[in-house]
Each structure stands twice: as C-alpha cells, then as structure tokens.
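Throughout, read-outs are computed from the coordinates displayed, never taken from laboratory work. All values reported here derive from a predicted model rather than from experimental measurement. Don't worry about glycine lacking a Cβ; one is built from the backbone with ideal geometry, like all the others, and counts go over all protein chains shown.
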Amino acid sequence: MLLAIDTSAGTSVAIVDRDAGVLAEHSSDDTRRHAEVIDGLIIACLEQSGIAVTALSGVAVGMGPGPFTGLRVGIAAARAFAFGAGKPVVPVVSHDAIAFGITEPTLVVTDARRREVYWSAYSGSDEQGLPIRTQGPELARPDDLATAVDGFAGYRRLDAAVVSGASIGLLAEGLYLHGRPFAGNEAMYLRSPDVTMSAGPKRVTA
C-alpha cells in the first residue's frame, strides 16, 4: 500500500493498494500553489482512506519531467513524509504514469512553461500492462513536435494538466510486482531552474 504524490503539473495525492486499487485521491490543477495545497491533500487522503501511516509500505513520487519550482515541492514532501514514517521512497517517471494503461501509440505532453512542452512517446503497453516508452522525456516548442518525435503522425496526442497520484501509485506497484526498475533519484527538470545562485560574492561599492 502506497501514498503517492505528483507535482509535475498540478498537485495530486492518492493512497493505492495493489489488490484494492485506489483508496483515496485528491488533486488540484493549480500550477502555482503546490506548497500551499499538498499538506491538505495528504491529510484528506489519509482521512478518507482510514489508512494509518504505519500501514503504508512506501511513498511513490513522480520525478517529472516538470518545472523546477513545482516538481521539487512534491519530491521534498514525499521524502520528508517517508523519512518521518520510516518508509522507502519509490520514484517513477511522471509521464509513464500518464501513459499507464494505454494500448495504442500515444504522445504524452505536459506544460513546461516558457512556451515549451515536455513530451514522451509510447508505443503502447507490454504484456504486464506497463507502458513502453520509445522516446523522451524531452523538451520542445509545440510547433517543433512534428520534427522532434519520430513517426509523429502515428501517435495519438494526450495533453495532461495534472498527473494522477493514483496512476503514480499503481504504476509503482506494477513495477515492483514485475521486477521492473524505478526511476532515478534525480528530478527530471530537463533545463536549468528559473533562479540560480550567484557564482560568487557581490561586489560592494560605496
């Protein structure tokens, strides 16, 4: 049983069980208030499901791709919750969660801001129902997708405003069940953050 969190687009939190399915899910499509809403969504899921923190086996979290400011909120929340509960963190690719369950060639697209999008291409699902990613995640301008994606015309495009926390959790359960690798521990920003640290101390003048 997993608590699952994603803030790569909007904010979504869920509690899922491999056998019982989705026990609770609460989401917000606001892309600017991740930090303000995430605690409330976690509490709402725990209360609705009636699941004690001690009954969870881990915390699944979407590692992106996503904008720096929003994505780091979910990852930090997942790691903090897992640390406090003494549970492992299970990282998954957010786009893979969107594609979870698809059976046809699909191009998953999410907003990257700055007039760009994140995209990943999928040929469908394997025999265990897990998504087969053939390209991506990558970053592009919307008008450049046709040239960036191999065989672009053969894909159905799927734009997502929120990555479902339930899909994050169920994907993580499926990966574990079938011995598939999880995502890496590094967030998938795909570009530099909006704010960077200065290379050195500022010069002070009178």
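A few notes on this one:
- All conditions in (1) buried (at least 18 other Cβ atoms within 10 Å of the Cβ); (2) closer than 20 Å to Val59 by Cα hold for Leu177, with the sole exception of (1).
- Verdict on Thr147 being β-branched (Val, Ile, Thr), part of a helix (DSSP H, G or I) and closer than 22 Å to Arg191 by Cα: yes
- Count - residues of the range 147-177 that are out of contact with any Pro (no Cβ under 9 Å at 6 or more places or on another chain) and touching a residue at least 40 places away in the same chain (Cβ under 8 Å): 20
- Of all residues in the range 113-136, exactly one satisfies the criterion of being closer than 18 Å to Thr7 by Cβ, in contact with a strand residue (DSSP E or B) (Cβ under 8 Å, 6 or more places away or on another chain) and surrounded by fewer than 23 Cβ atoms within 10 Å (Cβ to Cβ), namely Val117.
- Search result, residues across the range 30-52 that are of a type in the set (A, V, I, L, M), surrounded by 13 or more Cβ atoms within 10 Å (Cβ to Cβ) and part of a helix (DSSP H, G or I): Ala35, Val37, Ile38, Leu41, Ile42, Ala44, Leu46
- The residues in the range 75-129 that are within 23 Å of Asp144 (Cβ to Cβ) and assigned to a helix (DSSP H, G or I) can be counted, and the count is 5.
- Scanning the range 1-29 for residues that are surrounded by 24 or more Cβ atoms within 10 Å (Cβ to Cβ), in a strand (DSSP E or B) and either aromatic (Phe, Trp, Tyr) or in contact with a Leu (Cβ under 7 Å, 6 or more places away or on another chain) (or both) returns Leu2, Leu3, Thr11, Val13, Ile15, Val16.
- Members of the range 76-98 found to be in contact with a Gly (Cβ under 8 Å, 6 or more places away or on another chain) and not basic (Lys, Arg), listed by number: Ala82, Pro88, Val89, Val90, Pro91, Val92, Val93, Ser94, His95, Ala97
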